[in-house]
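Following: one structure in structure tokens, then a few remarks.
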Amino acid sequence: MAGEGDSEPRKSFKLLGFLDVQSVPCARESVLYGSLGSFVVGLGHFLATMEVRRSCDFAVGGFICTMLGYWFYCRYNLAQHRIRRRMLQEGMRNKVLFEGSSLDPERKPTGKERSDS
């Protein structure tokens, strides 16, 4: 069957010769949304004015604006996700480290521990 036992690495697709779309996070989605934005803006301008050349200019501008807009949005969300993941890992590490000790926030102090502090 196709896809089983393929030992070949996936070929990368480089946009403009330097942006590897498969390995850079958010690049693929940005290009796809940019092309959709380009189509919508170009077609909308063409239907409104019936000027082909100017509509192509608007389509290129729509591509750039949509692609960059989604790129920054996606990268911001990715950074937030990474920060939350790091905080969660740190909390889990601290939970394991402090579990059962006097520093455990979930542990209720006994009478002997209250008199010590």
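Table for the structure above
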item	result
Relative contact order (%) - region 25-97, alpha-carbon pairs under 8 angstrom, separation at least six	36
Accessible area expressed per residue, region 25-97, with surrounding protein chains retained (probe 1.4 Å, Å²)	76
Whole-percent carbon and sulfur share, accessible surface of region 25-97, 1.4 Å	68
Protein-only accessible surface order, largest first, of Lys95, Lys108 at 1.4 Å	Lys108, Lys95
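The values are calculated or read from the model by the stated rules, or taken from the named source; none is laboratory data. Just so it is clear, the model here is predicted, and its values are computed rather than measured. These accessible areas exclude ligands, DNA and RNA; they are computed on the full protein's heavy atoms, side chains included. Shrake-Rupley method; radii C 1.70, N 1.55, O 1.52, S 1.80 Å.
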